[in-house]
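The structure appears below as structure tokens.
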Amino acid sequence: MIFKRRSRLAAVFSRGTARAVPYLLLALPTASLAEDRGRLIWSPEKTAERAFKLRVGVRLGEGGQASAGTDLAVSASRSGRIITDEPPVAVWGVISGRSGSGDARRASVRVEARDGVGHADLTRSRTMIVSERVDLKLERVLSFDCNVYAGQCQAPLLDQTARLSAVGLGTAVIARSRLDAQRFDASQALGLEQKLGKLRLGAEVVDLQDSPHANFSANMAFHW
């Protein structure tokens, strides 16, 4: 009964907030919307023709190594009807820093207010100079998926990545592994990446132990 009440309250709050987002975006000057000043985070974004996203938050601590806030999103049909397929309200938090050994650490959490679905991850990475022309970056990510209203969490996933990069050439050899504690399953992948300006080309062989197969990718970044 408590879970149902929470779900109904979250749904009502989410629908009300979703309807308010377009008015918030239109009520303030465009120049001020695009700026994050000092500790305040105010970042609106038009994600589609009739979809908007607004991130509101605050930076905590010295140097902005921690931040927390809320994401508000709304989308509408051509007739103006609010579309509620996407969770319109989410609470998030991020904290990052470096250990005494020089490792970079980052923890993040995000919870959807409507249905209580949450995701958290802990990341630790280190970059080492192998030679004048080669760098090695090691990264480990432990992630969790939970429903905070139901009080249930799935088994964690552990992802590990080693990236050997040729400095100045845009070429990298990448080895990845994933351990799924729920299925007691492990998978590995080995790939090659090449950057050509804004174009990124990739090729990798995945599932090396059971049924190896190749994947190819091409990505290009645009800014406007």
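Bear in mind that the values in this text are calculations on the coordinates, not laboratory data. Note that the coordinates shown come from a computational prediction; the quantities given were computed from them, not determined experimentally. Note that each Cβ is placed from the backbone with ideal geometry, even for glycine, and that neighbours are counted across all protein chains shown.
Can you give the FRET efficiency to the nearest 0.05 for ALA162 and ASP115, using r as the Cβ-Cβ distance and R₀ = 45 Å?
Values: r = 36 Å, r/R0 = 0.80.
The value I calculate is 0.80.
Distance between the 7 Å Cα→Cβ label points at ALA155 and ARG78: 4.8 nm. Between LEU199 and ALA68, the modelled label-to-label distance comes to 4.6 nm, taking each label 7 Å out from Cα in the direction of the beta carbon.
Determine, from the Cβ-Cβ distance of GLU45 and ASN219 and an R0 of 22 Å, the FRET efficiency 1/(1 + (r/R0)^6), rounded to the nearest 0.05. Computed FRET efficiency for GLU45 and ASN219 comes out at 0.65. Both the radius of gyration and Dmax for the range 116-224 are 17.0, 52 Å, in that order, over alpha-carbon atoms.
For VAL58 and ALA175, FRET efficiency with R0 = 35 Å and r from the beta-carbon atoms, rounded to 0.05?
Details: r = 38 Å, r/R0 = 1.10.
Approximately 0.35, to the nearest 0.05.
What order do you get for 147-158, 114-125, 205-216 when each peptide is scored by the mean count of other beta carbon atoms within 10 Å, highest first? Walk me through the numbers on the way to the answer.
Numbers: 147-158: 14.1, 114-125: 17.0, 205-216: 10.7.
Ranked from most to least packed, the peptides come out as 114-125, 147-158, 205-216.
Converting phi to 3J(HN,Hα) with the Karplus coefficients 6.51, -1.76 and 1.60 and the offset θ = phi - 60°, the range 154-161 yields 7, 5, x, 10, 10, 10, 10, 9 Hz in sequence order, with x at every glycine or proline.
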